[in-house]
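Worksheet: one structure, shown below.
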Amino acid sequence: MNGADFIVIGGGVAGLSAAAALAPHGRVVVLEAEEALGYHSSGRSATFSHYGIGNDTVRALTAWSRDRFAPGIAARAPALFIATEAMLSALGSLEAEMGRFSESLERVGEARMVELFPPLRTGSGAAVAGCLDADGLRLDSDAMLQAYARGVRAAGGEVLTGRRIVSVETGWTVTTEAGEAWQAAVLVNAAGAWADGLARLAGVEPLGLTPLRRTIVVVDPPAGADIRSWPFVKTAVDDFYILPESGRLAASPVDEVESEACDARPEDYDVALAAWKIEAYTTLSVARIAHRWAGLRTFAADRVPVAGFAPGAKGFFWIAGQGGYGLQTAPAMAAVAEALITGRPWPAGLAERGADPAEVGIGRLAVRASSPRQPLP
């Protein structure tokens, strides 16, 4: 039996960031089922931090996190939110919502949008207006994961891969497929799409989390184009986004297909839809798909991340439901987990920005294990 103060199940950004925050308070062991950290959602993200997704609580977590990324993790990059005539009302609403958190928003017209992103289609039936946020952040997800893992190890903890959990006993004792066992007073459930399954394994009431599959494709940019300064571009409604990615362009049809917890793979239809939307929103011609992948974005019913101890299960702590904002809210959610687990004060400034314990806590989710899964809003 291996002893620890905290066992963290899940080696994605939720688990590793929480583990790094807990490391100064006791011995931490992170157990990841796959052979690589961040294999699922954290490694399949668009890696761009912006205020164009989520509600005010998510934006508050994002804003608090912005100045707390380790050096070399975040680089300033523009984000451009575009609208067709039919999306102008949505753009206005989005601009007002983002404006509560960003002071660098600028309404831009067709000429400026094309200057920023030359392949963008503008005019009738295409983009006619946009909102530019010059203070978006491009995140290095692998550097982030490795930095958190180093922090855990530097404090004397362990980050172990290839440890798939087969049993959980109150106490908490977890056992892997290989028969290894660890025991700790606090078990942190950061298992992403598998978080409800882990809870059931532990005899804990699940939260009713919903994994949704999203597809991303990578295509070649125009010949000779220098795309390094091109912005992250997203429609004002959830229909399409595109951004520079390692010398090419990564794009998504912003699909959300309900899925079981699994190693998500792109479906042909969704890949074709992504290619069609690239050609609909830009002047690019998709001659080939250079790369494609899919990932699961797992949400609670209200699409706000969850952190807190499970009622009636002493020491069982949830950090889950971070959906498509796990990377950009990781510093805040890790600080929240540290506060709730160790009894430290709520992170300074977080409630003032609009994220207090009630808005990320378990109590807001009146979900029973026997209740049918409700559709997401």
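Here are the numbers for this structure:
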quantity: All helices (runs of 4 or more DSSP H) inside the range 312-371 with 1 or more residues being farther than 20 Å from THR298 by Cα and among the basic types (Lys, Arg); calculated: 350-353
quantity: Residues of the range 1-15 classified as closer than 20 Å to THR329 by Cβ and open to solvent by 40 Å² or more (accessible area, probe 1.4 Å), total; calculated: 0
quantity: Lone unmet requirement of (1) in contact (Cβ under 8 Å) with a residue 24 or more places away in the chain; (2) touching a helix residue (DSSP H, G or I) at 6+ places or on another chain (Cβ under 6 Å); (3) over 23 Å from VAL58 (Cα atoms) for THR122; calculated: (1)
quantity: Count - residues of the range 259-292 that are closer than 17 Å to ASP238 by Cα and touching a Pro at 6+ places or on another chain (Cβ under 7 Å); calculated: 5
quantity: Residue match in the range 85-99 (condition: surrounded by 15 or more Cβ atoms within 10 Å (Cβ to Cβ) and in a loop (DSSP other than H, G, I, E, B)); calculated: no
quantity: Pair list, Cβ under 9 Å, 6 or more apart: the range 210-226 residue more than 23 Å from ASP263 (Cα to Cα), other residue surrounded by fewer than 17 Cβ atoms within 10 Å (Cβ to Cβ) and polar (S, T, N, Q); calculated: PRO222/THR283
quantity: Filter result for ASP135 (over 27 Å from VAL286 (Cα atoms), buried (at least 16 other Cβ atoms within 10 Å of the Cβ) and not aliphatic (A, V, I, L, M)); calculated: yes
quantity: Selection from the range 138-182 of residues that are polar (S, T, N, Q) and either over 30 Å from GLY312 (Cβ atoms) or in contact with a helix residue (DSSP H, G or I) (Cβ under 9 Å, 6 or more places away or on another chain) (or both); calculated: SER141, GLN146, THR161, SER167
quantity: Set VAL29, VAL58: member being in a helix (DSSP H, G or I) and either touching a residue at least 40 places away in the same chain (Cβ under 8 Å) or of a type in the set (Asp, Glu) (or both); calculated: VAL58
quantity: Only listed residue being farther than 28 Å from SER285 by Cα, charged (D, E, K, R) and at pLDDT 95 or above, chosen from GLU97, GLU103; calculated: GLU97
quantity: One residue from ARG27, ARG68 being open to solvent by 20 Å² or more (accessible area, probe 1.4 Å) and over 30 Å from GLN183 (Cα atoms); calculated: ARG68
quantity: Positions within the range 273-299 being part of a loop (DSSP other than H, G, I, E, B), among the β-branched types (Val, Ile, Thr) and closer than 19 Å to GLY123 by Cα, in sequence order; calculated: THR283
quantity: Exclusive hit being open to solvent by 20 Å² or more (accessible area, probe 1.4 Å), among the basic types (Lys, Arg) and over 24 Å from ASP220 (Cα atoms), set ARG292, ARG297; calculated: ARG297
quantity: Given (1) of a type outside the set (Val, Ile, Thr); (2) touching a residue at least 40 places away in the same chain (Cβ under 8 Å); (3) surrounded by fewer than 19 Cβ atoms within 10 Å (Cβ to Cβ); (4) part of a loop (DSSP other than H, G, I, E, B), number of the condition SER102 does not satisfy; calculated: (3)
quantity: Verdict on SER259 being open to solvent by 10 Å² or more (accessible area, probe 1.4 Å) and among the small types (Gly, Ala, Ser); calculated: yes
quantity: Residue check, ARG121 open to solvent by less than 20 Å² (accessible area, probe 1.4 Å), at pLDDT 95 or above, basic (Lys, Arg) and at negative phi; calculated: no
quantity: In the range 34-58, the residues that are in contact with an Asp or Glu (Cβ under 9 Å, 6 or more places away or on another chain) and among the hydrophobic types (A, V, I, L, M, F, W, C); calculated: LEU37, ALA46, ILE53
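Okay, residues lined up against (1) over 30 Å from VAL166 (Cα atoms); (2) part of a strand (DSSP E or B); (3) without any contact (Cβ under 8 Å) to a residue 24 or more places away in the chain; (4) open to solvent by 30 Å² or more (accessible area, probe 1.4 Å):
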{"position": "SER17", "(1), (2), (3), (4)": "no, no, no, no"}
{"position": "GLU35", "(1), (2), (3), (4)": "no, no, no, yes"}
{"position": "TYR51", "(1), (2), (3), (4)": "yes, no, no, no"}
{"position": "TRP64", "(1), (2), (3), (4)": "yes, no, no, no"}
{"position": "ARG107", "(1), (2), (3), (4)": "yes, yes, no, yes"}
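Conditions tested, residue by residue: (1) closer than 25 Å to LEU201 by Cβ; (2) at pLDDT 95 or above; (3) over 16 Å from the mean Cα position of the chain (by Cα); (4) open to solvent by less than 10 Å² (accessible area, probe 1.4 Å).
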position	(1), (2), (3), (4)
ALA307	yes, yes, no, yes
LYS314	yes, yes, yes, no
GLY321	yes, yes, no, yes
ALA332	no, yes, no, yes
PRO345	no, yes, yes, no
SER371	yes, no, yes, no
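The values are calculated or read from the model by the stated rules, or taken from the named source; none is laboratory data. Worth saying up front: this structure is predicted, and the values here are computed from it rather than measured. In this analysis, Cβ positions are derived from the backbone assuming ideal geometry, glycine residues included, and neighbour counts consider all displayed protein chains. Just the protein is used for accessible areas: all its heavy atoms, side chains included, with ligands, DNA and RNA removed. Shrake-Rupley method; radii C 1.70, N 1.55, O 1.52, S 1.80 Å.
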